[in-house]
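What follows is one structure encoded as structure tokens, with my remarks underneath.
The values are calculated or read from the model by the stated rules, or taken from the named source; none is laboratory data. Everything quoted here is computed from the prediction, not taken from an experiment. No Cβ is skipped: glycine too gets one built from the backbone with ideal geometry, and neighbour counts run over all protein chains shown. Areas reflect the complete protein model, heavy atoms only, side chains present, ligands, DNA and RNA absent. Shrake-Rupley method; radii C 1.70, N 1.55, O 1.52, S 1.80 Å.
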Amino acid sequence: MIDRRQIKNWLCEDCTFVFQTFGKKQNGRPRKYFCPSCGENISVVKYEADRFNQKGPKRVYQPWTDEEMKVIEQVMNGELLKYQAAIKLGRSIKSVKRRIERLNEDRNAQLEKVNQ
């Protein structure tokens, strides 16, 4: 079983690429992480979605905002991967997949109506 405390999320601010690392800090030295997309390490910062820092009771269903829908559109256009969008939005990968499936179903239904 993977210890979730060892998984860290990182964001490259140059190419807006979100990636994960796994492992402990060794010998007390800070590690340098390089972006797998562009290779830079200067603009790589630790990333945690704002939704994880909220206080108060957790909600089971959170409505999708316009900003989140823009990120979903990036996934549908191929600019982001599903897991990157999930990290960026603070949602599960399964919820991102479901939302994309529902949007595809709605678009297909609209296209069928237009074609008839």
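The number of residues in the stretch 81-101 being in contact (Cβ under 8 Å) with a residue 40 or more places away in the chain and among the aliphatic types (A, V, I, L, M) comes to 2. Lys97 meets all of the listed conditions (1) at pLDDT below 80; (2) over 20 Å from Ile7 (Cα atoms); (3) surrounded by 14 or more Cβ atoms within 10 Å (Cβ to Cβ) but one, namely (1). Residues in the stretch 47-68 include at least one that is open to solvent by less than 50 Å² (accessible area, probe 1.4 Å) and at pLDDT 90 or above. Filtering the stretch 72-110 to residues that are more than 13 Å from the chain's Cα centre (by Cα) and among the acidic types (Asp, Glu) leaves Glu101, Glu105, Asp106. Test Ala85 against the criterion of being surrounded by 14 or more Cβ atoms within 10 Å (Cβ to Cβ), among the small types (Gly, Ala, Ser) and modelled with pLDDT under 80, and give yes or no. When the stated conditions are applied, Ala85 does not pass them.
Filter the stretch 25-45 down to residues that are open to solvent by 90 Å² or more (accessible area, probe 1.4 Å) and at pLDDT 80 or above, then give me how many there are. Count: 1.
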